[in-house]
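Chemist: Submitted below is the structure of interest, expressed as structure tokens.
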Amino acid sequence: MQRRTLIAATATAAAALLALTACSGGGATQTDALTSRGDITIWYSNNEQEVVWAKAMVDAWNAENPDEQIKAQEIPAGDSSEEVIGAAITAGTAPCLVFNTAPSAVGQFQKQGGLVDLASFEDGTSYIEERSGDSAQQYQAPEGGYFQMPWKSNPVMIFYNKDKFTQAGLDPENPALSTYDDFLATSKTLVESGAAQFAINPSPTSQFFQVGFDFLPLFAAETGGKGLVEDGEATFAGEEGLAVAEFWKSLYDQGLSGREEVQGDAFADGVSAMSIVGPWAIAVYGDDINWGSVPVPTSAGIAPEETYTFSDAKNVGLYSACKNQATAWDVLKFATSEEQDGQLLELTGQMPLRANLPDTYPDYFEANPAYTQFGDQAARTVEVPAGSNTVEMMQDLRDAYTKAVISGEGDLEEAMKSAADSVTALAEKG
């Protein structure tokens, strides 16, 4: 199952979450809870590999801490994890930790009063910043503090089918994909040769999170790591953002990407010769497709070691309904320790949000060279905007992009500037 599908809270669900009352549940005060110890409950993803990691992590903790036990389960089923967690916050029944908290939802959960600021713990800020390095700053709340633990990322890159490149008469080992001009020329050759119906086929649907798999990675690369919002203002309607949008528009206008949603997996099914994916794709496609991977393109062609992309991160939230937050914080540090991060890497192939990742786990990357590019790329990722209006910001951008870029309707520059104005207004609201 592709993890590129961010746990899909829709704009409607986002609005519903924002309307929920701030309720933390539990009888103890937050001050009492911060220092209280005892048993805790955690939720984790239903991803098969993560389940294996989580169960082993829980067993290891419980064996060493008989008086502070973890009760663990998969996140309960629902339309989306965001809706399930938001409802639990309102009811005061949220677990202590959720190991699958989407950064896009953190601001909403914080506004509900559902999250604990990890900076409230004496070593909270220092632990996060020492573990994650400079990338930790992207996960700070706009007003300061950390309402999420940066945990793991799936930095997205371009996967390409070497056999289809060979079929099209292209070099499968050194594909011309680093600049927009080269990428477009290669794409045209792939389609005109009949090697694939589309060169690359990101989802053309309008959900907010799809921004992370077309516009945002290339914007991050083109700007050298700029976020969609910086210092309270949208950044994507300037020259660099318009260049990214024009590049994608060219792919759609020339029929090199599809404007209609493809059922199934376009890359796996051979409908497209390329895809934008994270390291999870190695396990999914590795045995079935003769693939290669390269960084996302830029207008001028940036060296791989300087290229940024979208993180596709999942983090950990400590929820305010938790009565034993001191234990929960210790569990969170245990679960993100060097040892446990190494186990997560081994079992899932996802990249812990840890500084100097390749140097920390050299044996893993030596034994698994296919992941080396992703391990290096993990040091250069960009996250979604912070704040309580993240989903609305991304939806405004996606709506403008869907109409002007994918459908090719209206004036592109006007659409992007209008979306930027809306996003800036939302950023000002906090």
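The values are calculated or read from the model by the stated rules, or taken from the named source; none is laboratory data. The model shown is predicted, which means the values in this text are computed figures rather than measured ones. FYI the Cβ positions are ideal-geometry reconstructions off the backbone, even for glycines, and counts take in every protein chain you see.
Chemist: Among the listed residues Ala370, Ala355, Ala378, which satisfies the condition of being touching a strand residue (DSSP E or B) at 6+ places or on another chain (Cβ under 6 Å) and among the small types (Gly, Ala, Ser)?
Modeler: Just one listed residue meets the conditions, Ala378.
Chemist: Which one of the conditions (1) crowded, with 17+ Cβ neighbours inside 10 Å; (2) part of a loop (DSSP other than H, G, I, E, B); (3) not β-branched (Val, Ile, Thr) does Pro217 fail to meet, given that it meets all the rest?
Modeler: (2) is the only condition that Pro217 fails.
Chemist: When Gln377 is evaluated against the numbered criteria (1) within 16 Å of Phe219 (Cα to Cα); (2) in the same structural domain as Glu230 (by TED's automatic domain parsing), which criterion, by number, is the only one it fails?
Modeler: With (1) within 16 Å of Phe219 (Cα to Cα); (2) in the same structural domain as Glu230 (by TED's automatic domain parsing) applied to Gln377, the lone miss is (2).
Chemist: While we're looking at this one, here's another question. I'm checking my understanding of the structure. Among residues of segment 13-54 that are among the polar types (S, T, N, Q) and in a loop (DSSP other than H, G, I, E, B), which one is modelled with the highest pLDDT?
Modeler: Filtering first and then ranking leaves Ser36.
Chemist: Just to confirm my filter: which strands (runs of 3 or more DSSP E) fall fully inside segment 87-179 and include at least 3 residues that are out of contact with any strand residue (DSSP E or B) (no Cβ under 9 Å at 6 or more places or on another chain) and farther than 30 Å from Ala195 by Cα?
Modeler: In segment 87-179, no matching strands (runs of 3 or more DSSP E) lie anywhere.
Chemist: Taking Ala283, is it in contact with a Ser or Thr (Cβ under 6 Å, 6 or more places away or on another chain), surrounded by fewer than 24 Cβ atoms within 10 Å (Cβ to Cβ) and not in a loop (DSSP other than H, G, I, E, B)?
Modeler: In short, no.
Chemist: Please enumerate the residues belonging to segment 393-425 that are buried (at least 22 other Cβ atoms within 10 Å of the Cβ) and either farther than 19 Å from Gly212 by Cα or of a type outside the set (A, V, I, L, M) (or both).
Modeler: Across segment 393-425, the qualifying residues are Gln395, Asp396, Arg398, Tyr401.
Chemist: Scan segment 259-274 and give yes if some residue there is in a helix (DSSP H, G or I) and touching a residue at least 24 places away in the same chain (Cβ under 8 Å), otherwise no.
Modeler: no
Chemist: Of these, Ala370, Ala400, Ala425, Ala404, which one is in contact with a helix residue (DSSP H, G or I) (Cβ under 8 Å, 6 or more places away or on another chain), without any contact (Cβ under 8 Å) to a residue 24 or more places away in the chain and not in a loop (DSSP other than H, G, I, E, B)?
Modeler: Sole residue among the options that is in contact with a helix residue (DSSP H, G or I) (Cβ under 8 Å, 6 or more places away or on another chain), without any contact (Cβ under 8 Å) to a residue 24 or more places away in the chain and not in a loop (DSSP other than H, G, I, E, B): Ala400.
Chemist: Could you tell me which numbered condition Ala237 fails, if it satisfies all but one of (1) more than 27 Å from Leu353 (Cα to Cα); (2) of a type outside the set (Ser, Thr, Tyr); (3) out of contact with any helix residue (DSSP H, G or I) (no Cβ under 8 Å at 6 or more places or on another chain)?
Modeler: (3)
Chemist: Only one of Gly225, Gly212 is in contact (Cβ under 8 Å) with a residue 60 or more places away in the chain and surrounded by 21 or more Cβ atoms within 10 Å (Cβ to Cβ); which?
Modeler: Sole residue among the options that is in contact (Cβ under 8 Å) with a residue 60 or more places away in the chain and surrounded by 21 or more Cβ atoms within 10 Å (Cβ to Cβ): Gly212.
Chemist: Would segment 319-328 turn up any residue that is of a type outside the set (Val, Ile, Thr), surrounded by fewer than 19 Cβ atoms within 10 Å (Cβ to Cβ) and outside the structural domain of Ser132 (by TED's automatic domain parsing)?
Modeler: no
Chemist: Has segment 335-344 got at least one residue that is in contact with a Pro (Cβ under 9 Å, 6 or more places away or on another chain), assigned to a helix (DSSP H, G or I) and buried (at least 19 other Cβ atoms within 10 Å of the Cβ)?
Modeler: The answer is yes, given that some residue of segment 335-344 is in contact with a Pro (Cβ under 9 Å, 6 or more places away or on another chain), assigned to a helix (DSSP H, G or I) and buried (at least 19 other Cβ atoms within 10 Å of the Cβ).
Chemist: Moving on. So is Ala367 surrounded by fewer than 22 Cβ atoms within 10 Å (Cβ to Cβ) and assigned by TED's automatic domain parsing to the domain that holds Glu82 or not?
Modeler: yes
Chemist: Just checking, how many residues over segment 345-364 are in a helix (DSSP H, G or I), touching a residue at least 60 places away in the same chain (Cβ under 8 Å) and either crowded, with 24+ Cβ neighbours inside 10 Å or not aliphatic (A, V, I, L, M) (or both)?
Modeler: Count: 1.
Chemist: Step by step: first the residues of segment 34-76, then only those that are β-branched (Val, Ile, Thr) and in contact with an Asp or Glu (Cβ under 8 Å, 6 or more places away or on another chain), then the one that is surrounded by the fewest Cβ atoms within 10 Å (Cβ to Cβ). Which residue is that?
Modeler: Val51
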